[in-house]
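The values are calculated or read from the model by the stated rules, or taken from the named source; none is laboratory data. What you see is a predicted model; the values in this text were computed from it and never measured. Please note: Cβ atoms are built from the backbone with ideal geometry, for glycine as well, and neighbour counts cover all protein chains shown.
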Amino acid sequence: MQSQLKIFNTLTGKKEDFKPINPPKVLMYACGPTVYDLSHLGHARMALTFDVIQRYLRFAGYDVTFVRNITDVDDKIINKAKELNVRPEEIALKYTDTFHKDMHDLNAALPDVEPRATEYIEKMLAFTQSLIDAGHAYEAGGDVYFDVLSFKTYGKLKKQSLDEMIQGAREQVRSQSELKELKKNHFDFALWKSVDQKEPGWQSPWGWGRPGWHLECSTMIKNVLGETIDIHGGGEDLVFPHHENEIAQSEALHKKTLANYWIHNSFVQVEAEKMSKSLGNFRTIQSILESYSADTIRFFVLQTHYRSPIEFTEKSMESAKAGISRLIRAAQFAPEANGKTTDNIDIAPVEKLDQEFRKAMDNDFNTPQAVSALFGFADTIFVTTDPNTAKKYTEELRRYASVLGFTLEDNRRSLDPATTAKLKEIVQSLTETAADTDDASQLMEMLLSAREQARADKDYKRSDMIRDRLLEVGIKVMDVKGGKATWECS
RNA sequence: GGCGGCAUAGCCAAGUGGUAAGGCAGAGGUCUGCAAAACCUUUAUCCCCCAGUUCGAAUCUGGGUGCCGCCUCCA
């Protein structure tokens, strides 16, 4: 189904109709992590933003090739390795693994291709040589710099001309530029940096050295996807200089547009400041996952449009948790069969959901509105009395929710060992016989039937006690009219 | 200093010219042994301030105020 998708393009500063170069194919690239430390919520937001974009494009019928790189050569990695007295590769490998775990735990799909910078050194050298040959780069003392004056549209993504940038640069920048005598222009940037022979590096026509950061993306895009792609994105802070420099390198060499649509997500803030490594105000993905599910984190992130900043607070996280719980309950909803069922399912509510959902997502991936559509559909589910209809609706809810990456999985089977042990204690303290199982669902079964018996005996003191003890360990018991009580982790 | 962005109820957050989505929290009610969940009702005469354009603006224009980001590694 062809969509009317509109995307806000950083390059033009406007929402534009999305027209892929070669529909239904979509070539998409997002800048991945530099693997030198654990990822934090800010990285998670970027990953989730592009995960959802990619999911929606596929849902809308596009044939997406999604590429996300791993920057595994960088000063930060090398410095950390020196600090810990290990080889840089170990650091890179370790944090590549933790990043993959983070993505897995957040239910973020793997990219179709995940190139690593170190696999493309040869190609980067060739790229650099071509730029020198074309007169866009020059060698100086073993370094190679891109000559920004040779690329007349430099600054088009940032929307500021080179002259304006030079004039507007703050004091600090000007004084720094005086130190860099090797460069012709302060805004010239390194394609290749010479380093001491003892340092990690590669041999190049200009001596021992390492590639500049911006070069890897240009090179990998060219070699994995081609000279012009449909979508390129990343965090807002990559607009300048990273993406601007990628454009300069690639477009100077190929004389072609690098990417038609540039998408940038806004930040996660803490107390009105950007969450970042350097400010030290970050929360790692794994630490947040200790308290909140992937669905809750996604809900927290996706209830704000990707181009607006999000303030991280415990209150917002709790609010998100309560919100996603309602959707999970809706996805689990199953009314008791009341004798008669129908195969004549009214699909009008599903059509309404589809329409609202697509309309929201087609409008520059408006996930807050898409989530709202999910809630509207949940309302319908809760008032459904026919089991067949409810089954169909809950399947549809899960299907649309999955486009946003929500699993809506029932979390009641995910009791951790500590809680299970506590359940066992409760069983033993309530019954004379010792519980001879460590199976959480069996233990729950025992407790719920004990409570059911108490209620049948009108021993409400005992039944309430069981309910209270369960609540203490984080389990909420809910009676179902005419049926067995249900429960969930709070 | 240059450039860019944001300001909507107690909190979070859509809406970008036609009279304020949704979530959380709160209040009242139904259901329940009591709860919880679910359901019903309810919660911004108004969208930072001041001018202006318009039949009509939270939405457009101009001017303020406050906050944030980039210009150095950064998602």
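Among the numbered conditions (1) surrounded by fewer than 22 Cβ atoms within 10 Å (Cβ to Cβ); (2) more than 10 Å from RNA strand B (Cβ to nearest atom), the only one that A:Gln249 does not meet is (1). Could you check how many residues of segment A:426-462 are modelled with pLDDT of 90 or more and either more than 19 Å from A:Lys484 (Cβ to Cβ) or in a loop (DSSP other than H, G, I, E, B) (or both)? Qualifying residue count for the region: 4. Considering every residue within segment A:20-28, establish whether at least one is within 15 Å of RNA strand B (Cβ to nearest atom) and either under 14 Å from the mean Cα position of the chain (by Cα) or of a type in the set (D, E, K, R) (or both). No.
Checking each residue in segment A:206-246 for being part of a loop (DSSP other than H, G, I, E, B) and out of contact with any Phe, Trp or Tyr (no Cβ under 9 Å at 6 or more places or on another chain) picks out A:Gly226, A:Glu227, A:Thr228.
Does segment A:361-377 include one or more residues that are touching a Ser or Thr at 6+ places or on another chain (Cβ under 7 Å), touching a residue at least 60 places away in the same chain (Cβ under 8 Å) and either assigned to a loop (DSSP other than H, G, I, E, B) or more than 7 Å from RNA strand B (Cβ to nearest atom) (or both)? First the steps, then the outcome.
Of segment A:361-377, the ones touching a Ser or Thr at 6+ places or on another chain (Cβ under 7 Å) are A:362, A:368.
Then keep just the ones that are touching a residue at least 60 places away in the same chain (Cβ under 8 Å); that gives A:362, A:368.
With the extra rule that they be either assigned to a loop (DSSP other than H, G, I, E, B) or more than 7 Å from RNA strand B (Cβ to nearest atom) (or both), the set shrinks to A:362.
Within segment A:361-377, one or more residues are touching a Ser or Thr at 6+ places or on another chain (Cβ under 7 Å), touching a residue at least 60 places away in the same chain (Cβ under 8 Å) and either assigned to a loop (DSSP other than H, G, I, E, B) or more than 7 Å from RNA strand B (Cβ to nearest atom) (or both).
With respect to the conditions (1) buried (at least 21 other Cβ atoms within 10 Å of the Cβ); (2) closer than 26 Å to A:Lys101 by Cα; (3) near RNA strand B (Cβ under 9 Å from one of its atoms), A:Glu311 falls short on a single one, namely (1). Yes or no: segment A:45-56 includes at least one residue that is closer than 18 Å to A:Leu404 by Cβ, without any contact (Cβ under 8 Å) to a residue 60 or more places away in the chain and out of contact with any Lys or Arg (no Cβ under 9 Å at 6 or more places or on another chain). Looking through segment A:45-56, at least one residue is closer than 18 Å to A:Leu404 by Cβ, without any contact (Cβ under 8 Å) to a residue 60 or more places away in the chain and out of contact with any Lys or Arg (no Cβ under 9 Å at 6 or more places or on another chain).
Taking segment A:319-332, which residues are within 11 Å of A:Ala390 (Cβ to Cβ) and within 8 Å of RNA strand B (Cβ to nearest atom)? Before the answer, list the steps.
Applying the first criterion (within 11 Å of A:Ala390 (Cβ to Cβ)) to segment A:319-332 yields A:330-332.
The answer is A:Ala330, and nothing else.
Looking only at residues in segment A:272-286 that are outside any loop (DSSP other than H, G, I, E, B) and within 15 Å of RNA strand B (Cβ to nearest atom), which one is surrounded by the fewest Cβ atoms within 10 Å (Cβ to Cβ)?
Step one: of segment A:272-286, the residues outside any loop (DSSP other than H, G, I, E, B) are A:273-274, A:284-286.
Narrowing the set further to residues that are within 15 Å of RNA strand B (Cβ to nearest atom) leaves A:273-274, A:284-285.
Working: A:Glu273: 11, A:Lys274: 18, A:Thr284: 17, A:Ile285: 24.
Here the residue is A:Glu273.
Taking residues in segment A:83-107 that are free of Cβ contacts under 8 Å to residues at least 24 places away in the same chain, and partners anywhere that are of a type in the set (Lys, Arg), not one pair has Cβ atoms closer than 6 Å while being at least 6 places apart or on different chains. Condition check for A:Tyr29 on (1) hydroxyl-bearing (Ser, Thr, Tyr); (2) assigned to a strand (DSSP E or B); (3) out of contact with any Gly (no Cβ under 9 Å at 6 or more places or on another chain): one failure, at (3).
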